[in-house]
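J.: Below is one structure. I have some questions about it.
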Amino acid sequence: MQTASPSAGVPVPRLRLPPLHAVFQPIVAFGSGEVLGYEALVRGPADSPLAMPDTLFRLAGNEEETVEIELQAARIALSTCVARGLGGKLFLNFSTMALRHLLADGGHAMAALAANTIAPERVVIEVTEQTPIEDAERFGQAMAVLQELGMQYALDDFGTGHANLDRLLHLAPHYIKLDKSLVRGIGTCSRRLEVVRTVLAMVDALGGTVIAEGIEDAGELAVLRDLGVPFGQGYYLGRPDSLPVVEVAPQVRQALVSSQIAVFPQAVRSARPGVLAGQLLRPGPTVGPATSNNELLALFHAHPQLHAVAVVGDDRQPLAIINRHYFIDRFAVPFHRELYGRKACIAMANPAPLCFDKGASIEEMAQALSGEDQRPLADGFIVTEGGRYAGLGTGADLIRAVTEIRMEAARYANPLTFLPGNMPLNRHIDRLLEAGAEFHACYVDLNHFKPYNDQYGYWKGDEMLKGAAAILAQACDPARDFLGHVGGDDFLVLYQSRDWEERARTAIARFNRAAREMYAEADLAAGGIRGEDRAGRTVFFPTVTMAAGAVRVRPWGPEGIAGLRRLGSSHIGAAAAAAKREAKKATSGFVVIDLRELARSGRLSA
């Protein structure tokens, strides 16, 4: 049997393990297309029940054996990395349980683990979510030993399980790995997009770097790239392998360098009112300043979902707040219960809790939590009514509410067709111009729609508009083309598809056929209807048809992309409107104008 020095901080191995081997999955930098490094993953014997790590770790009967498997996996990963000549960083997975062993006594065991293999600055320790952290603040202090050893660390699976805000705030990791549940389908889910956007801003403010996990197709990659995510991994970028790729596939590199931008999914507008503190309130018991630590411990055990407890005075005015994890971790220290169990709990409380009246707005709460002191995000806050305790709120609930408010702000949609309106259209145009992307802004208008609406009524008119929206939507590639409803019978399509012209002409032909079917037989036989023009005169109006004027937008001249970036959505809108006016005069109902020709003629203006 092998033995280990007690000073090494590593348990004595007792478990007989099957042959293990390591596979490596690349982590790619979106900006350059280069491989940042690899995540090492342990595997058991191929074609056996122990091939995958979940079943492998079930061999462990206790904490010591679990740590032994993790250490053996890390040793194999390090030696294999050297043998394969893999460059870049090496991401090694460890549970918090194993890290407590490895970082004890100044981290000698961790230093010994990587000694004589690869340079410490290439090692990134991934903190997995297998076990919770009772005291994230104390664990964060222990993780600082890694930096002293020259290593970095990452928080794995952020957004699920134990990988929560408390860990993020106190561990201050170098890398945050977004869980695949947030990445999967982000190209079609506005909620996921807005959550990731919020996480990016939060991590950036804390000085970390985001890695998106689970990328499985080009659409997800394009959205994440355009959101500003710097790194990613997933089957689309490279599968785990004992001989991993050292360069990404050509289609991946093409997706990363493409000037085309992703079309962000748009949420449907709702009439949801502003969130107030009272809506985030969670009822909870309170304690007095003289309540003993033993009594408070019993209270936490009786309420397992209680994240904190407010300390209130005789008049129910809040005095302090006690965080559950902080309290239980302190209480778990040897002899702490015997020494302090009967003492007053106020000594372990945060004496400066954040308090909000039930009527406080989400903006007020978010501003109060945006300061340098991030402890309230872990502790939560107290909700009051008339200065007296009413309940508690959590930092997670507040972040979620802020995210949803941001989503509401992005939901400027037409109430009839639910298509994005002017604000989302303008934002997308600005993104296209900033990226220097070549695109076609196609302004679509319905000829003679007003007389039809007057004659047949708004209900039939609305049906025609919804039909036009559906036909235009079918003429778009949702990953490349952005369709918006400017208002009335005006639409704007921002095409990046190569076959955009065929799509536009097909949409015109389909609509013109469908519109004729919405007339009465007599009017259809007459070729149209009689109605009043804008001057009040009775005139004949042909059947409704679709007109589309497109403006080709692309870099030109010595300034190239820089010239486009000086333009704005108002310039493109004005140019597209000019193209539409020409299209309404054309027999085909379709006209294409080049933006540079408008610029040369002096007709390009906002």
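The values are calculated or read from the model by the stated rules, or taken from the named source; none is laboratory data. Just so we're clear, the structure is a prediction, and the values are computed from it rather than from any experiment. Methodologically, a virtual Cβ is constructed for each residue, glycine included, from the backbone with ideal geometry; neighbour enumeration extends over all protein chains shown.
J.: Count, please, the residues in the stretch 25-74 that happen to be more than 21 Å from residue 244 (Cα to Cα) and touching an Asp or Glu at 6+ places or on another chain (Cβ under 8 Å).
T.: The number of residues fulfilling the criteria is 2.
J.: Of all the residues that make up the stretch 153-196, how many are of a type in the set (D, E, K, R) and in contact with a helix residue (DSSP H, G or I) (Cβ under 6 Å, 6 or more places away or on another chain)?
T.: Qualifying residue count for the region: 4.
J.: Go through the stretch 537-576 and count every residue that is in contact (Cβ under 8 Å) with a residue 60 or more places away in the chain, among the aliphatic types (A, V, I, L, M) and within 24 Å of residue 438 (Cβ to Cβ).
T.: Looking only at that region, the number is 11.
J.: Is it the case that the stretch 551-559 has a residue that's out of contact with any Leu (no Cβ under 9 Å at 6 or more places or on another chain) and either part of a strand (DSSP E or B) or not assigned by TED's automatic domain parsing to the domain that holds residue 597 (or both)?
T.: No, the stretch 551-559 contains no residue that is out of contact with any Leu (no Cβ under 9 Å at 6 or more places or on another chain) and either part of a strand (DSSP E or B) or not assigned by TED's automatic domain parsing to the domain that holds residue 597 (or both).
J.: Are there any helices (runs of 4 or more DSSP H) wholly within the stretch 415-526 with 3 or more residues that are closer than 25 Å to residue 569 by Cβ, and if so which?
T.: Where helices (runs of 4 or more DSSP H) fall fully within the stretch 415-526 and carry at least 3 residues being closer than 25 Å to residue 569 by Cβ, they are 422-435, 458-474, 500-516.
J.: A follow-up question, please. Are there any pairs with C-beta distances below 7 angstrom linking a residue in the stretch 577-602 that is in the same structural domain as residue 542 (by TED's automatic domain parsing) to a residue that is surrounded by fewer than 14 Cβ atoms within 10 Å (Cβ to Cβ), with the two at least 6 apart or on different chains, and if so which?
T.: As it stands, the answer is 578/603, since those pairs meet every condition given.
J.: A follow-up question, please. Just a yes or no: is a residue in the stretch 484-491 under 25 Å from residue 258 (Cβ atoms) and in contact (Cβ under 8 Å) with a residue 12 or more places away in the chain?
T.: yes
J.: Look through 510, 534, 503, 480 and report the one residue that is without any contact (Cβ under 8 Å) to a residue 12 or more places away in the chain and charged (D, E, K, R).
T.: After applying the criteria, what remains is 534.
J.: Turning to a different aspect of this structure: Mind telling me which of the residues 277, 255, 310, 262 ends up being of a type in the set (Gly, Ala, Ser), within 28 Å of residue 387 (Cβ to Cβ) and under 29 Å from the mean Cα position of the chain (by Cα)?
T.: 277 is the lone residue from the list that is of a type in the set (Gly, Ala, Ser), within 28 Å of residue 387 (Cβ to Cβ) and under 29 Å from the mean Cα position of the chain (by Cα).
J.: Could you list, in sequence order, the residues of the stretch 68-77 that are farther than 18 Å from residue 127 by Cβ and hydrophobic (A, V, I, L, M, F, W, C)?
T.: 76
This table checks each residue for (1) under 26 Å from residue 198 (Cβ atoms); (2) modelled with pLDDT of 90 or more; (3) among the hydroxyl-bearing types (Ser, Thr, Tyr).
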| site | (1), (2), (3) |
| --- | --- |
| 321 | yes, yes, no |
| 326 | yes, no, yes |
| 336 | no, no, no |
| 348 | no, no, no |
| 351 | no, yes, no |
| 364 | yes, no, no |
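J.: From the list 171, 182, which one is of a type in the set (A, V, I, L, M, F, W, C) and either touching a His at 6+ places or on another chain (Cβ under 9 Å) or farther than 16 Å from residue 136 by Cβ (or both)?
T.: Checking each option against the conditions leaves just 182.
J.: Considering only the stretch 232-250, I want to know if a residue exists there that is buried (at least 22 other Cβ atoms within 10 Å of the Cβ), of a type outside the set (Ser, Thr, Tyr) and assigned to a strand (DSSP E or B).
T.: yes
J.: On the basis of being over 39 Å from the mean Cα position of the chain (by Cα), within 17 Å of residue 384 (Cβ to Cβ) and surrounded by 14 or more Cβ atoms within 10 Å (Cβ to Cβ), does residue 316 make the cut?
T.: Here the answer is yes, as residue 316 does meet what is asked.
Every residue, every condition in (1) among the hydroxyl-bearing types (Ser, Thr, Tyr); (2) surrounded by 14 or more Cβ atoms within 10 Å (Cβ to Cβ); (3) more than 38 Å from the chain's Cα centre (by Cα); (4) not assigned by TED's automatic domain parsing to the domain that holds residue 442, yes or no:
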| position | (1), (2), (3), (4) |
| --- | --- |
| 511 | no, yes, no, no |
| 531 | no, yes, yes, no |
| 541 | no, yes, yes, no |
| 566 | no, no, no, no |
| 574 | no, yes, no, no |
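J.: Search the stretch 312-324 for residues that are within 21 Å of residue 357 (Cβ to Cβ) and pair each with any residue that is of a type in the set (Asp, Glu) and outside any strand (DSSP E or B) when their beta-carbon atoms are under 6 Å apart and the residues are at least 6 apart or on different chains.
T.: 321/379
J.: Which number in (1) more than 30 Å from residue 207 (Cα to Cα); (2) of a type in the set (A, V, I, L, M); (3) in a helix (DSSP H, G or I); (4) in contact (Cβ under 8 Å) with a residue 24 or more places away in the chain marks the one condition that residue 339 misses?
T.: Of everything listed in (1) more than 30 Å from residue 207 (Cα to Cα); (2) of a type in the set (A, V, I, L, M); (3) in a helix (DSSP H, G or I); (4) in contact (Cβ under 8 Å) with a residue 24 or more places away in the chain, residue 339 misses just condition (4).
J.: Give the residue, chosen from 216, 247, that is more than 26 Å from residue 82 (Cα to Cα) and of a type in the set (Asp, Glu).
T.: 216
J.: Same structure again: Under the condition of being more than 38 Å from the chain's Cα centre (by Cα) and modelled with pLDDT of 95 or more, which residue from the stretch 590-606 is nearest to residue 565 (Cα to Cα)?
T.: This residue is 591.
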